[in-house]
1. How high is the relative contact order of the range 7-66, in percent, with contacts defined as C-alpha pairs under 8 Å that are six or more residues apart?
2. Give me D for the range 68-115 in µm² s⁻¹, whole number, from Stokes-Einstein with Rh from the Kirkwood sum over alpha-carbon pairs, 20 °C and 1.002 mPa s.
3. One quarter of the convex hull surface, Cα atoms only: what value does that give for the range 7-66 in nm²?
4. Please quote Rg/Rh for the range 35-102 to two decimal places, taking the Kirkwood radius as Rh and restricting both calculations to Cα atoms.
5. Using only the alpha carbons of the chain, determine the length spanned along each of the three principal axes and report them from longest to shortest in whole angstroms.
6. Which angle from 0 to 90°, rounded to the nearest 10, does the C-alpha axis of helix 50-62 make with the longest principal axis of the chain?
7. For 32, 24, 103, what ranking results if the residue with the fewest other Cβ atoms within 10 Å of its Cβ goes first?
């Protein structure tokens, strides 16, 4: 996958330049990762305020470079495979990674970001 550059977006959003460049570096260092989990990004990108990182992700969504989707945290603490464009579309039960179904009503829903290119 080719390297990405968010320089144009950084110039358009100077307040979030640092966060956008940090995301750019992370994406270029992880070209195999099609999904960006904000919790993982927060652990990996420690030199940027989490709120600024969240805004930078939203800027990338608005630019069409990322798409926000939702996943459900299984009882064992991993994200279920299924992705949903809208949290209201999550069914009452989902399989975990061992194909055991669990109730989603009490499970955490996690917004993640899928690369579009």
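Quick note: the coordinates plus some simple rules give every number you see, no bench work behind them. Just so we're clear, the structure is a prediction, and the values are computed from it rather than from any experiment. Positions of Cβ are backbone-derived with ideal geometry, glycine not excepted, and every protein chain shown enters the neighbour counts.
1. Over the range 7-66, the number comes to 37 percent.
2. Stokes-Einstein gives a translational diffusion coefficient of 201 µm²/s.
3. Its average projected convex-hull area is 3.7 nm².
4. With Rh from the inverse mean 1/r over Cα pairs, Rg/Rh is 1.04.
5. Here the spans come out as 46, 25, 25 Å, largest first.
6. It works out to around 90 degrees.
7. 32, 103, 24
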